[in-house]
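Since the structure comes first, as structure tokens, the remarks are kept for the end.
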Amino acid sequence: MKKINRFFIFLPIILACLGLMGMANAFSNKVYVKTLKNGHYQLMVAGRPYIVKGVCYSPVPIGKGYDHDFWSDAAEPWKKDGELMKKMGINTVRFYASGENIETVKKVVRDLYKLYGIRTIMGHWLEFWNYPAPFYDDPVFRKMVEEKVLAMVNALKDEEGILFWVLGNENNYSFSGKINPWSSDRIDKMGDPRVCLLARAETYYTMVNDLTRSIHKIDPNHPVAMGNGELACLDVANQYAKDVDILATVIYRGKTFGNIFNSAKMTYGKPLVFIEFGSDAYDAYKKEENEDAQAMFLEAQWSEIYKNLANSPAGAGNCLGGAMFEWNDEWWKHNESNSAGWSVHDTDSNWSNGAYYFDIKAERNMNMNEEWFGLVKFEKDPEGGLDKRVPRKAYYVIREFWKNPRDLRKAEKKR
């Protein structure tokens, strides 16, 4: 066994000496999911297990909106952020989508990786926010989506910092018509609402699977994940999206993820990574910032993630890590269409979630504050330069958890 390990360690050097640098680089940058003998999963990067210790990243400055092109920002905010991320122990950032200027995207991905060792999860919305609606049952629309996705993959697949791809985010919520509703004459003729919902799910997941297979053909070195809101409709995905490598979920269940690890394992049978989870740092009931609650919730969530990593004795063994929502506060979130509000750190709540019990008694139970989820908060620079980054308590608590997860889990049990 030792001889085999040594061979693989020195294989890139051997290949390089033979003048096969391309093969050596492909080996060293290979990312894949490994299934262990006990049925657990590990994400492997350059031959070593990799736990995703990530954050969702969108460094939109104070006063700018959702359409701000931070990729081209002359202030290069990713350098200041990358420095702080590295000190915290973050090894991964998740981008919801690539910028339009692919050269600026490459620069950001390269800087984060080469300067700070931070890898990139790159996503694609699959035109979910398209107007009019994303008509996933229309062949012309599907072809357009495929061309855009494959163009992104082709442009970025050779970047050393790429970790894996994420297709979609919470697109499955559109099946019921609650968010970005879409349908077709073919589906509508089925009549029964439940049957129509399942038909939309089949249509969408089939498209995702086709995209996955196309990506595998042009990029065998990076896995493909499917972004899904919670576990909704995964029984349908299990039939029609079998080629997907990783289940990437968006989940807000408070301090605990509940039964999600075992449920995902039974329903879809793919390794699980969280691409959005966390807690806001504003107490809507007391109407004041609450860094303690945010830190407590995030520590509890990371404790459960670690308990369900590969080879953890009591867990499901199917978790690969996660990307917290989010790195920095986004001041434009509360009313994205009102540019006057982008310079105001709004404290009005956007939605209600009883799992975040510390402020659920807020008026009308509206307790989730979209502009206050950051691990760091922004303060305006009077000179008009880069906003000042101020780490919250959660920054330090999670940093220490990653250093000593077992000790902190013991401390959690004592509390």
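The values are calculated or read from the model by the stated rules, or taken from the named source; none is laboratory data. Note that the coordinates shown come from a computational prediction; the quantities given were computed from them, not determined experimentally. Glycine gets a Cβ as well: all are built from the backbone with ideal geometry, and neighbour counts include every protein chain shown.
Remark: pairs (first residue in region 369-388, more than 12 Å from LEU84 (Cβ to Cβ); second residue among the hydroxyl-bearing types (Ser, Thr, Tyr) and not in a loop (DSSP other than H, G, I, E, B); Cβ separation under 6 Å; 6+ apart in sequence or on different chains) = ASN369/TYR282; TRP372/TYR282. Listed by first and then second residue, the pairs with beta-carbon distance under 6 Å, at least 6 apart or on different chains, first residue in region 336-354 and in contact (Cβ under 8 Å) with a residue 24 or more places away in the chain and assigned by TED's automatic domain parsing to the domain that holds LYS287, second exposed (fewer than 15 other Cβ atoms within 10 Å of the Cβ) and not β-branched (Val, Ile, Thr), are GLU336/TYR66. Here ILE102 fits the description: surrounded by fewer than 19 Cβ atoms within 10 Å (Cβ to Cβ) and of a type in the set (Val, Ile, Thr). If you take the residues in region 281-303 that are in contact with a Gly (Cβ under 9 Å, 6 or more places away or on another chain) and crowded, with 20+ Cβ neighbours inside 10 Å, which one is farthest from ILE360 (Cα to Cα)? Out of the qualifying residues, it is TRP302.
Examine region 309-320 for a residue that is part of a strand (DSSP E or B), in contact with an Asp or Glu (Cβ under 8 Å, 6 or more places away or on another chain) and not basic (Lys, Arg), and state whether such a residue exists. No: region 309-320 contains no residue that is part of a strand (DSSP E or B), in contact with an Asp or Glu (Cβ under 8 Å, 6 or more places away or on another chain) and not basic (Lys, Arg).
Looking only at region 136-188, which residues are in a loop (DSSP other than H, G, I, E, B) and either under 17 Å from the mean Cα position of the chain (by Cα) or among the basic types (Lys, Arg) (or both)? Across region 136-188, the qualifying residues are LYS157, GLY161, GLY168, ASN169, GLU170, LYS178.
Checking the stated criteria, GLU76 turns out to be assigned by TED's automatic domain parsing to the domain that holds ILE275, over 25 Å from LEU298 (Cβ atoms), out of contact with any Phe, Trp or Tyr (no Cβ under 7 Å at 6 or more places or on another chain) and buried (at least 16 other Cβ atoms within 10 Å of the Cβ). If you go through region 340-380 and keep only what is modelled with pLDDT under 95, under 18 Å from ILE251 (Cβ atoms) and in a loop (DSSP other than H, G, I, E, B), you end up with just ASN350.
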